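What follows is a single structure, written as structure tokens, with notes after it.
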Amino acid sequence: MQITFELVQLPVPQDLNIIVGQSHFIKTVEDLAEIMAGSVPGVLYGLAFNEASGPCLVRTEGNDPDLVQAAKNCALSVGAGHTFYLIMKHAYPINVLDRIKACPEVCQIYCATANPVQMVVAQSEQGRGIMGVIDGSSPKGVEGDSDKADRKGLLRRFGYKLA
């Protein structure tokens with residue numbers, strides 16, 4: 001048996017967030033769609049799930065056709081079974097991540113980000129699998145006092161921390 005590795009750049013539209021994860025059952029598609037519909041009023045999303053048995057289709061849900069297409073593009077570019085790609089607009093992963101992680105079918109989350117994402121994908125004779133994620137850029141230094149003040153101010157402006 002042989003294995004090869006490939007680096008796949010996810011084709012996520014700029015300034016949108018994506019959550020990439022692994023799950024174990026086709027029911028994931030409807031359950032994640034219900035989570036999105038009940039989590040953030042006004043959220044737009046597209047979801048694609050790579051089925052890993054039977055017809056092995058890319059299953060989709062969503063309330064925005066462009067985001068559904070973007071999620072499909074991610075699913076097809078990676079091609080790993082039992083993985084899902086959830087792209088959202090008017091919401092952040094922090095708004096839905098706990099609910100998604102609590103979904104019984106979800107095994108793990110690879111990333112939740114608005115950064116450019118590369119997936120490290122392995123391929124064998126059986127299929128493809130995600131080995132890891134490169135999320136954004138490497139550190140360029142260590143925060144100083146002004147950087148720390150900026151970080152704390154940003155979290156308070158967004159309402160994630162109290163004044």
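General remarks:
- Acute angle (nearest 10 degrees) that the helix 145-157 long axis makes with the longest principal axis of the chain, alpha-carbon atoms: 70
- The angle between the Cα long axis of helix 93-102 and the longest principal axis of the Cα atoms of the chain comes to about 50 degrees, rounded to the nearest 10.
- Trypsin sites (Lys or Arg not before Pro) within the stretch 67-163: DSSP coil, no more than 14 neighbouring Cβ in 10 Å: 140, 161
- Whether the stretch 97-163 is rounded, prolate or oblate, judged on the alpha carbon gyration tensor where a/c under 1.5 counts as rounded: oblate
- Over the residues of the chain, the helix contribution to mean residue ellipticity at 222 nm works out to -9500 deg cm²/dmol, using -39500 (n - 2.57) for each DSSP H run of at least 4.
- Charging the Cβ of each Asp and Glu at -1 and of each Lys and Arg at +1, and nothing else, the dipole of the stretch 55-163 about its Cα centre rounds to 320 debye.
- Overall, the accessible surface of the chain at a probe of 1.4 angstrom is composed of carbon and sulfur to the extent of 52 percent.
- Look at the Cα gyration tensor of the stretch 1-54: its axes a ≥ b ≥ c give a/c of at least 1.5 with a/b at or below b/c, and that counts as oblate.
- Tensor-based shape of the chain (alpha-carbon gyration tensor, a/c under 1.5 rounded, otherwise prolate or oblate): oblate
- Which listed pairs, of 72/148; 89/152; 89/161; 72/161; 27/152, have C-alpha distances above 28 Å, in listed order: 72/148; 72/161; 27/152
- Label point distance in nm, residue 40-residue 163, each placed 7 Å from Cα along Cα→Cβ: 2.6
- Full extension of the chain between residue 14 and residue 99 gives 28.1 nm of extra length, using 0.36 nm per residue less the Cα-Cα distance.
- Taken per residue, the accessible surface of the chain reaches 59 Å², heavy atoms only and a 1.4 Å probe.
The values are calculated or read from the model by the stated rules, or taken from the named source; none is laboratory data. On a predicted model such as this, the values are computed, not experimentally measured, just so you know. Every residue, glycine among them, receives a Cβ derived from its backbone with ideal geometry; neighbour counts consider all protein chains shown. For accessibility, only protein heavy atoms count, side chains too; no ligands or nucleic acids. Shrake-Rupley method; radii C 1.70, N 1.55, O 1.52, S 1.80 Å.
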